[in-house]
1. Would you point out which residue out of Ala124, Ala130 is closer than 25 Å to Val403 by Cβ, at pLDDT 95 or above, over 16 Å from the mean Cα position of the chain (by Cα) and surrounded by 24 or more Cβ atoms within 10 Å (Cβ to Cβ)?
2. So which residues in region 247-269 are among the charged types (D, E, K, R) and in a helix (DSSP H, G or I)?
3. Pairs only if they're at least six apart or on different chains, beta carbon under 6 angstrom, first in region 356-371 and closer than 26 Å to Ile314 by Cβ, second at pLDDT below 95 and loosely packed, with under 15 Cβ neighbours inside 10 Å; list them, first residue then second.
4. Anything in region 85-115 that is surrounded by 24 or more Cβ atoms within 10 Å (Cβ to Cβ) and closer than 25 Å to Leu218 by Cβ? List them, or say none.
5. Give region 226-246 a look and list any residue that's crowded, with 18+ Cβ neighbours inside 10 Å and either in a loop (DSSP other than H, G, I, E, B) or within 23 Å of the chain's Cα centre (by Cα) (or both), or say none.
6. Could you tell me which residue of region 375-418 is farthest from His119 (Cα to Cα), considering only residues that are of a type in the set (Asp, Glu) and surrounded by 21 or more Cβ atoms within 10 Å (Cβ to Cβ)?
7. Given the criterion touching a residue at least 12 places away in the same chain (Cβ under 8 Å) and among the β-branched types (Val, Ile, Thr), identify the matching residue among Thr113, Thr93.
Amino acid sequence: MSARVSSIVDPAVPAAAQQHWCVPTVVGSSDQRPKAGVLTAASSLLLAVLLILPFGLAPVPAAAGDSSADQADAAERQATALLIAREALIADTHIDAPFALEADGWLDLGRETSREFDHPKARAGGLDLAWMSIYTPSDLEASGGNRALADKLIDAVEAMVGRAPERFALVHSPDQAVAAQAAGKVGLALGMENGAAIGDSLDGLRHFHARGVRYVTLAHARSNGISDAAFDPERPLGGLSPFGREVVSEMNRLGMFIDVSHLTDEAIIQVLALSTAPVIASHSSARHFTPGFERNLSDPLIQAIAAKGGVVHINFGSAFLTAEANAYNAAARSAREAWQAANPDADAAARAAFEADYRTAHPYPFATVGDVTDHIEHVIALAGIDHVGLGSDFDGVGDSLPVGLKTVADFPNLIAELLRRGHDRAAIEKILGGNLLRAWREVEARRQR
């Protein structure tokens, strides 16, 4: 996660802790997926219109000057993409809804909201398995508040399901994910972002496993008692701590994914050497496109994760996707710091006005669906089709999401781009969720009962 922050704050760097809460209420009945069928070109185009209009999905517009034949091809691809979205299992391994919504009070994610994840948008985009990020800020570690907040956020996800069991289902295993999809429900799995909530005892890890957490991102903005963090310039551990090594072994024993997003290269290398099961990067992209940005993964690390049987899930934040957006963040951060130094007594309204003015004067260079696809194809070129997935960071990267991928309703736009580039349905289904399920089953198979 990169906490939702003001428009010029680096979306790749977390802000201070916010207090968000989400307890939805029961609404309506679940939406069942249409059964597979054979579509003619005409019926495909009709399906595209019928499916797009009710849910507000905004397809990526055709390029200016495209011929009518090109536009017809694009429309047919979009229709095929919608069909795939409704039939394939789509998994997103990192959605920050619990933390991002805590401050908004009793917001009902079973209905249409202003957030990037909610039930109607998930149905529109075909999202079947949403990994809810149980994120606790590094700021809380000194006070020991991470565990209490993590439990609170898990309570919120459980309440979401309890209040709308016809729409949502808690998912603790790959088989449960498949069952939730078959029942027409959005499966909610739990991934913990920042192992600080575990504390200094393996009992803390076991506690959260018992509560349903199935992956742990070992660190976040700063190094903790488990691992060094990529954003932390001090890096006191040289990778993993002795306790961190115990955590890796215990996670293998319990059948939990070890998530290497946010870790330093040294820590990732050590995790891969220690783990006896596949690991994941739940929301990291390829450093090839953002040189020097360690939060993304180098080519050798991508290949090493694949060699372990793991999966790299691509982050949708523009700063993770293009060097231009990444550089914008550094410039914006410098401008903000200079303004704050010159205006130390400025109130929140003045800060907001400065940030809005900056964004107007310096428009943000949003990435595109094509940029996301470039990262997917880069991982495929390095490691093969079996080791890439999607970890959007929806509700976690602020106003930095790509054009055409602003919410979970927009997954068909990504599918359409994959189709345009020649990927077949079997490959696309692996990217959407098949690779994650395969790795998850391997992790479960290696656990000690």
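The values are calculated or read from the model by the stated rules, or taken from the named source; none is laboratory data. What you see is a predicted model, and the numbers here were worked out from it, not measured in a lab. Counting neighbours? That spans all protein chains shown, and the Cβs are built from the backbone with ideal geometry, glycine included.
1. Details: Ala130 fails: over 16 Å from the mean Cα position of the chain (by Cα).
Of the residues listed, the single one that is closer than 25 Å to Val403 by Cβ, at pLDDT 95 or above, over 16 Å from the mean Cα position of the chain (by Cα) and surrounded by 24 or more Cβ atoms within 10 Å (Cβ to Cβ) is Ala124.
2. Narrowing region 247-269 to residues among the charged types (D, E, K, R): 250, 253, 259, 265-266.
Glu250, Arg253, Asp265, Glu266, listed by residue number.
3. none
4. Step one: filter region 85-115 for residues surrounded by 24 or more Cβ atoms within 10 Å (Cβ to Cβ), giving 85, 90-101, 109.
The answer is Ala91, Asp92, Thr93, His94, Ile95, Asp96, Ala97, Pro98, Phe99, Ala100, Leu101.
5. Residues of region 226-246 crowded, with 18+ Cβ neighbours inside 10 Å: 226-232, 237, 239-241, 243-244.
Hits for region 226-246 are Ile226, Ser227, Asp228, Ala229, Ala230, Phe231, Asp232, Leu237, Gly239, Ser241.
6. Here is the first cut: in region 375-418, the ones of a type in the set (Asp, Glu) are 377, 386, 393, 395, 399, 410, 417.
Narrowing the set further to residues that are surrounded by 21 or more Cβ atoms within 10 Å (Cβ to Cβ) leaves 393, 395, 410, 417.
Numbers: Asp393: 17, Asp395: 14, Asp410: 13, Glu417: 24 Å.
If we take residues in region 375-418 being of a type in the set (Asp, Glu) and surrounded by 21 or more Cβ atoms within 10 Å (Cβ to Cβ), then Glu417 is farthest from His119 (Cα to Cα).
7. Working: Thr113 fails: touching a residue at least 12 places away in the same chain (Cβ under 8 Å).
On inspection, the qualifying residue turns out to be Thr93.
Matching residues to (1) modelled with pLDDT of 75 or more; (2) surrounded by fewer than 20 Cβ atoms within 10 Å (Cβ to Cβ); (3) assigned to a loop (DSSP other than H, G, I, E, B); (4) not small (Gly, Ala, Ser):
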| residue | (1), (2), (3), (4) |
| --- | --- |
| Cys22 | no, no, yes, yes |
| Ser43 | no, yes, no, no |
| Val60 | no, no, yes, yes |
| Pro120 | yes, no, no, yes |
